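S.K.: Before I ask anything, let me first share the structure, which is written out below as structure tokens.
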Amino acid sequence: MRDVAVVGFEQSPCVRREQNRNEVEVLVPVLRALREQTGVAGADCDFICSGSSDYLAGQSFAFVSGLDAVGAWPPVSESHVEMDGAWALYEAWVKIQMGQAETALVYGFGKPSMGDLPMTMALQLDPYCVMPLWPDAISMAGLQARHCLDAGVLTEREMAAAAARDRRHAMQNSNAQLRWDRSVDEILAEPYLANPLRKSDCAPISDGASAILLAAGDRAREICERPAWIRGIEHICEPIDLGVRDLGRSRSTQIAAEKAGVGSGKIDVAELSAPFTHQEILVERALGLSLDSSSQTVVNPSGGALAGNPLMAVGLSRIGECASRIFSGEADRGVAHATSGPCLQQNLICVLEGE
Amino acid sequence: MSDRQMDGDKPSEHDEDVTLLRVPVSLDYDYSAGVSASRFLRGIEQGKLLGQRCPVDGRVYFPSRGSCPQHAVTFGDETVDLSDKGTIVTFSIVRVPSANIPLELPYIAVNVVLDGADTILMHVLDANPEDVHMGMRVQAVWKPREEWTTSTANILYFRAIDEPDADYDQYKEHI
């Protein structure tokens, strides 16, 4: 395995609606800031990979215009995933492992505010038997949460505690969208949005973009004083049919975490991309993170997806938030999580370490 | 399998395979053209053709998407007023109807580079198919002013003007 590291990270603020700027106009300043941070222009990278969704943009091949922000002339080596940018990072990591690149630019961007996001998400479901019922994403998550409660896996109070913790952490993150300090009891007093989910149990709808620069070996050390080395990265997918999955735990997260080596050392920081509180708890448990306050792991210091949820960039941002704490020396070892599909169907785990 | 089937309900109506499933999909979007395209569309609403200049190499993009796809720099707020005259760089004589083009066949699809611009505009030319040629000088024919909206359809079509053909060297990079 080659040593590959995250050597730069930038993101736009997460906002409920980018009223005037289009996706590319949101992306351009992010890539410019990354260039200034690292001294490496996107077009000079050996490989470029992006994550976005034409369903969010409402037009086919919308991702192609994203290359306007890169400056793709003369032609560049480039690829795209119709997934969160965390999976674009995985592809770029593979490309570097294969010896076909030393540096790679990875970015994710999305403007879910243009459509009706919970309904748009229905289009990722089984197209024959489930999608025609148009189950919206919040109702689907509500069914999963109800199962977790009924099976005694977790409690509404634990969910409210996760909601409170992430938004309180986000008060230190100027890029977060939901930043507040409310008690668990205040949250439990909220009406249900999709029983048993309250509004505070749900991630916001956010527009935004983020970008990461990857580099191998000594090139990484040239670019960044303290690179965040990728010591393990894995993604595992479960079946799309909810009826054949154990919704009370995240088995794919657990397997990915084992393969990525999460448990082989202490974890200073964990950045999780679960868009609902009960899912965040399931992911925490699958990662083997202790939930009590004596734990050494700081979970979601940025606020996580529950404080800012720019779809197609939110998972990549978790890797970036984790890496930036290694850049600064605040953390030595961390884990980042990204998710895709309904009810935590597919999960990616990335273990990062400083030297 | 449903309970009714398990109870031995008459099999006949369940025996046939489902061979067709209709799933109408419709999503509504509240689309924003973006800062730069909005500026361009507000311009054309007033009959103005606004381009933007790349600060790196000075090339004028029309319409502008707000940043240079070659140098990845933003154009800022400055615009360049362009003429509605230009030069045909390539063309195609269309003899097949298309649902979204209400023109009589045959019509001529053209790539025009407007005077002062460095990128091409795709439009149609009102001319005899025998007369169209590369380097031909043309000018936009606009809808009546009261019908102008934020749309490039404010230009009905281009038509030839009485000017000598442009030099090949002036437009060869757009072919």
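The values are calculated or read from the model by the stated rules, or taken from the named source; none is laboratory data. Just so you know, these numbers come straight off a predicted model, no measurement behind them. Cβ sites come from the backbone with ideal geometry, for glycine too, and all protein chains shown count toward neighbours. Surface accessibility is based on the protein's heavy atoms, side chains included, excluding ligands, DNA and RNA. Shrake-Rupley method; radii C 1.70, N 1.55, O 1.52, S 1.80 Å.
S.K.: Using the Kirkwood radius built from alpha carbon pairs, what does the Stokes-Einstein equation give as D for the stretch A:1-53 at 25 °C and 0.890 mPa s, in µm² per second?
M.R.: Numbers: Rh = 13.0 Å.
This corresponds to a translational diffusion coefficient of 188 µm²/s.
S.K.: Averaged across A:62-73, how many Cβ atoms of other chains sit within 10 Å of each residue's Cβ atom? Please report the intermediate quantities before stating the final value.
M.R.: Working: counts 0, 0, 0, 3, 0, 2, 7, 6, 2, 8, 3, 5.
Mean partner-chain Cβ count within 10 Å for A:62-73: 3.
S.K.: Using a 10 Å cut-off on Cβ to Cβ distances, tally the other chain neighbours for every residue of A:18-30 and report the average as a whole number. If you can, show how the numbers build up before the last one.
M.R.: Details: counts 2, 2, 6, 6, 10, 2, 6, 9, 1, 1, 7, 2, 0.
The per-residue average across the peptide is 4.
S.K.: Mind listing which trypsin sites (Lys or Arg not before Pro) in the stretch A:13-60 are in a DSSP loop and have 15 or fewer other Cβ atoms within 10 Å?
M.R.: On the way: sites: A:ARG16, A:ARG17, A:ARG21, A:ARG32, A:ARG35; in loops: A:ARG16, A:ARG17, A:ARG21.
When the trypsin sites (Lys or Arg not before Pro) of the stretch A:13-60 are filtered for loop state and at most 15 Cβ neighbours within 10 Å, A:ARG16, A:ARG17 remain.
S.K.: Can you give the calculated 222 nm mean residue ellipticity of chain B, where each DSSP H run of n ≥ 4 adds -39,500 (n - 2.57) and the sum is split over every residue, rounded to the nearest 500 deg cm²/dmol?
M.R.: Details: 4 runs with 23 residues, N = 175.
When only DSSP H runs of four or more count, the value is -3000 deg cm²/dmol.
S.K.: Nearest 20 debye, what's the magnitude of the dipole of the stretch B:83-168 about its Cα centre given +1 on Lys and Arg Cβ and -1 on Asp and Glu Cβ? Walk me through the numbers on the way to the answer.
M.R.: Numbers: 6 positive and 13 negative charges, 59 e Å.
The calculated dipole for the stretch B:83-168 is roughly 280 debye.
S.K.: Also: Using only Cα atoms, tell me the angle between helix B:35-45 and the longest principal axis of chain B; keep it within 0 to 90° and round to the nearest 10.
M.R.: With both axes taken from Cα atoms, the answer is about 70 degrees.
S.K.: What would the Debye formula give as log10 I(q)/I(0) at q = 0.16, 0.17, 0.24 Å⁻¹ for the alpha-carbon point model of the stretch B:83-168, no solvent?
M.R.: Here the Debye-derived log intensity ratios amount to -0.62, -0.69, -1.26.
S.K.: Round to a whole number: what % of the accessible area of the protein assembly as shown belongs to carbon and sulfur, probe 1.4 Å?
M.R.: Details: 12070 of 24420 Å².
Carbon and sulfur atoms account for 49 percent of the accessible area of the protein assembly as shown.
S.K.: Specify the angular offset, from 0 to 90 degrees and rounded to the nearest 10, of the alpha carbon long axis of helix A:85-97 from the longest principal axis of the alpha carbons in chain A.
M.R.: Here the helix axis deviates by roughly 40 degrees.
S.K.: Out of the stretch A:104-194, which chymotrypsin sites (Phe, Trp or Tyr not before Pro) are coil in DSSP terms and have no more than 15 other C-beta atoms within 10 Å?
M.R.: On the way: sites: A:TYR107, A:PHE109, A:TYR128, A:TRP180, A:TYR192; in loops: A:TYR128, A:TRP180.
Sparse-neighbourhood loop chymotrypsin sites (Phe, Trp or Tyr not before Pro): A:TYR128, A:TRP180.
S.K.: Something else: Amide H of B:ASP115: which non-local residues (sequence gap of 5 or more, or other chain) have their own amide H closer than 5 Å, using H built in the peptide plane?
M.R.: Under 5 Å from the amide H of B:ASP115: B:SER83, B:LYS85, B:GLY86, B:THR87.
S.K.: Would you work out the relative contact order for the stretch B:83-168, in percent, from Cα pairs under 8 angstrom that are 6 or more residues apart?
M.R.: 30 percent.
S.K.: Per residue Cα convex hull volume for the stretch A:50-125, in cubic angstrom? Write out the running numbers ahead of the final one.
M.R.: Values: hull volume 7.3 nm³, N = 76.
Hull volume over Cα atoms, normalised by residue count, gives 97 Å³.
S.K.: To the nearest 500 deg cm²/dmol, what mean residue ellipticity at 222 nm is calculated for chain A from DSSP H runs of n ≥ 4 alone, each contributing -39,500 (n - 2.57), summed and divided by the residues? Don't skip to the answer; put the middle values down first.
M.R.: On the way: 11 runs with 111 residues, N = 355.
Theoretical 222 nm ellipticity from helices: -9000 deg cm²/dmol.
S.K.: For the stretch A:184-286, treating each Cα as an identical point scatterer without solvent, what Debye log10 I(q)/I(0) comes out at q = 0.09, 0.11 1/Å?
M.R.: -0.37, -0.54
S.K.: Partner chain Cβ atoms within 10 Å, averaged over the residues of B:32-38 - can you pull that number for me?
M.R.: Details: counts 11, 2, 9, 5, 5, 2, 3.
Per residue, the average neighbour count from other chains is 5.
S.K.: Would you mind giving the three semi-axes, in whole Å and largest first, of the ellipsoid equivalent to the stretch A:1-140 according to its Cα gyration tensor? List each step's numbers first, then the result.
M.R.: Details: eigenvalues 172, 69, 34 Å².
Largest first, the stretch A:1-140 gives 29, 19, 13 Å.
S.K.: From a point 7 Å beyond the Cα of B:MET122 in the direction of its Cβ, which residues of the stretch A:49-80 have a backbone N at a distance under 16 Å?
M.R.: Once the point is set 7 Å along Cα→Cβ of B:MET122, A:60-62, A:64-65 turn out to lie under 16 Å by backbone N, inside the stretch A:49-80.
S.K.: Now for a separate question. How large is the convex hull of the Cα atoms of chain A per residue, expressed in Å³ as a whole number?
M.R.: Numbers: hull volume 45.9 nm³, N = 355.
Taking only Cα atoms, chain A has a hull volume of 129 Å³ per residue.
S.K.: With no solvent and one equal point scatterer placed on each C-alpha of the stretch B:136-175, evaluate the Debye formula and give log10 I(q)/I(0) for q = 0.25 Å⁻¹, two decimals.
M.R.: Debye output, listed in q order: -0.83.
S.K.: Another question, if that's okay. When Lys and Arg each count +1 and Asp and Glu each count -1, what net charge do the other residues less than 12 Å away from B:GLY135, Cβ to Cβ, add up to?
M.R.: On the way: positive: B:ARG137, B:LYS172; negative: B:GLU163, B:ASP165, B:ASP167, B:ASP169.
So the environment of B:GLY135 carries a net charge of -2.
S.K.: Relative contact order (percent) for the stretch B:32-82, with alpha-carbon contacts under 8 angstrom and 6 or more residues of separation?
M.R.: Rounded, it is 36 percent for the stretch B:32-82.
S.K.: Then there's this: For B:ARG22 paired with A:ARG16, estimate the spin-label separation in nm (one decimal), with each label point 7 Å from Cα along the Cα-to-Cβ line.
M.R.: 3.9 nm
S.K.: Could you state the number of Å between the C-alpha centres of the stretch A:278-352 and the stretch A:215-243?
M.R.: If we compute the Cα centre of each part, the gap is 13 Å.
S.K.: When only alpha-carbon atoms are used, what values of Rg and Dmax, in angstrom, describe the stretch B:32-82?
M.R.: 10.3, 30
S.K.: I need the peptides B:164-174, A:251-261 ranked by packing, meaning the mean over residues of other C-beta atoms within 10 angstrom, with the highest value on top.
M.R.: Values: B:164-174: 12.3, A:251-261: 20.5.
For the peptides B:164-174, A:251-261, the packing ranking is A:251-261, B:164-174.
S.K.: Can you give the FRET efficiency to the nearest 0.05 for B:HIS71 and A:ALA151, using r as the Cβ-Cβ distance and R₀ = 41 Å?
M.R.: Working: r = 56 Å, r/R0 = 1.38.
Plugging the Cβ-Cβ distance into 1/(1 + (r/R0)^6) gives 0.15.
S.K.: Let me ask something additional. Relative contact order (percent) for chain A, with alpha-carbon contacts under 8 angstrom and 6 or more residues of separation? If you can, show how the numbers build up before the last one.
M.R.: On the way: 844 pairs, mean separation 90.4, N = 355.
About 25 percent, as a whole number.
S.K.: Under 20 °C and 1.002 mPa s, how fast does the stretch A:223-280 diffuse according to Stokes-Einstein, given a Kirkwood radius computed over C-alpha pairs? Answer in µm²/s, whole number.
M.R.: Calculated translational D: 156 µm²/s.
S.K.: Taking amide H positions as placed in the peptide plane 1.01 Å from N, state which residues far from B:VAL94 in sequence (5 or more) or on other chains have amide H under 5 Å from it.
M.R.: When sequence neighbours closer than 5 places are left aside, the close amide H contacts are B:TYR107, B:ILE108, B:ALA109.
S.K.: Out of the stretch A:54-88, which chymotrypsin sites (Phe, Trp or Tyr not before Pro) are coil in DSSP terms and have no more than 13 other C-beta atoms within 10 Å? Kindly include the intermediate steps, with their values, before the conclusion.
M.R.: On the way: sites: A:TYR55, A:PHE61, A:PHE63, A:TRP87; in loops: A:PHE61.
Sparse-neighbourhood loop chymotrypsin sites (Phe, Trp or Tyr not before Pro): A:PHE61.
S.K.: Does chain B come out rounded, prolate or oblate by the C-alpha gyration tensor, with a ≥ b ≥ c the root eigenvalues, rounded set by a/c under 1.5 and, if not, prolate when a/b is larger than b/c and oblate if not?
M.R.: Numbers: a/c = 2.90, a/b = 1.99, b/c = 1.46.
It is prolate, given that a/c is not under 1.5 and a/b is the larger ratio.
S.K.: Relative to the Cα centre, what is the charge dipole magnitude of the stretch A:83-194, using +1 at the beta carbon of each Lys and Arg, -1 at the beta carbon of each Asp and Glu, and rounding to the nearest 20 debye? Don't jump to the answer; show the numbers that get you there.
M.R.: Working: 9 positive and 14 negative charges, 54 e Å.
Taking the Cα centre of the stretch A:83-194 as origin, the dipole is about 260 debye.
S.K.: What spacing in nm lies between the two simple spin-label points modelled at A:SER183 and A:SER79, each 7 Å away from Cα in the Cβ direction?
M.R.: Between A:SER183 and A:SER79, the label points sit 5.2 nm apart.
S.K.: Measure nothing fancy, just the Cα-based angle from helix A:23-38's long axis to the longest principal axis of chain A, in degrees from 0 to 90, nearest 10.
M.R.: The helix A:23-38 is inclined about 60 degrees to chain A.
S.K.: Set the Förster distance to 22 Å, then compute FRET efficiency between B:ASP57 and A:PHE61 from the Cβ-Cβ distance, nearest 0.05. Don't jump to the answer; show the numbers that get you there.
M.R.: Working: r = 27 Å, r/R0 = 1.21.
Calculated transfer efficiency: 0.25.
S.K.: Once you charge only the Cβ atoms, +1 for Lys and Arg and -1 for Asp and Glu, what is the size of the charge dipole of the stretch A:1-48 about its Cα centre, to the nearest 20 debye? Before the final figure, lay out the partial values.
M.R.: On the way: 6 positive and 8 negative charges, 45 e Å.
Dipole about the Cα centre, nearest 20: 220 debye.
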